[in-house]
1. PRE reach from F44 (point 7 Å along Cα→Cβ): which of segment 67-107 fall under 13 Å by backbone N?
2. Of the options T82, V58, C70, report the single residue whose Cα projects farthest towards the positive end of the charge dipole of segment 5-103 (beta-carbon charges: Lys, Arg +1; Asp, Glu -1).
3. Rounding to the nearest 20 debye, state how big the charge dipole of the chain is about its Cα centre with +1 on each Lys and Arg Cβ and -1 on each Asp and Glu Cβ.
4. Which cross-chain or sequence-distant (5 or more) residues have an amide H under 5 Å from the amide H of V56, H modelled 1.01 Å from N in plane?
5. How large is log10 of I(q)/I(0) for segment 6-107 at q = 0.13, 0.14, 0.18 Å⁻¹ when the intensity is taken from the Debye formula with one equal scatterer per alpha-carbon?
6. Kindly provide the helix-only [θ] at 222 nm of the chain, computed as the sum of -39,500 (n - 2.57) over DSSP H runs of four or more divided by all residues, to the nearest 500 deg cm²/dmol?
Amino acid sequence: MRRGDLYRVYKRKGDPKAYRVFAVVSRQALIDSRFSTVVCAPVFTSGQELSTQVAVGVDEGLKHLSWIMCDNLVSLRKSDLTHYVGSVSGAKAVQLNRALKMALDLS
């Protein structure tokens, strides 16, 4: 598991969808640790192109254009991240870092 990986997670409590894709956004040291959870950002099929959203799509393993929503971070168990979809890399990873900084009001 790496930072920027996308996973399909099935039926989280309170979610009306059968599954949702999440992007792993925790720092790599935490991902590699024995800690049982990681911080993730949900991926939605609609977005508003805000500074806290990152457009992703076929190049990242998804079926259609979607957005990583950095304003809605959640902690998920690593054991729930079993259905690998794809990964963001290069310019998308830079955009994801920028969106996280905006969402968390970091300089």
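Rule-based calculations on the coordinates, nothing more; no lab input. If you're wondering where the values come from, they're calculated on a predicted model, not measured in any experiment. Don't worry about glycine lacking a Cβ; one is built from the backbone with ideal geometry, like all the others, and counts go over all protein chains shown.
1. 67-73
2. Of the candidates, T82 comes out farthest on the positive side.
3. Using only the charged Cβ atoms, the result is roughly 380 debye.
4. Amide H to amide H, under 5 Å and 5 or more residues apart or across chains, V56 pairs with S66, W67, I68.
5. Evaluating at q = 0.13, 0.14, 0.18 Å⁻¹ gives log10 I(q)/I(0) of -0.43, -0.50, -0.85.
6. The helix contribution divided over the chain gives -4500 deg cm²/dmol.
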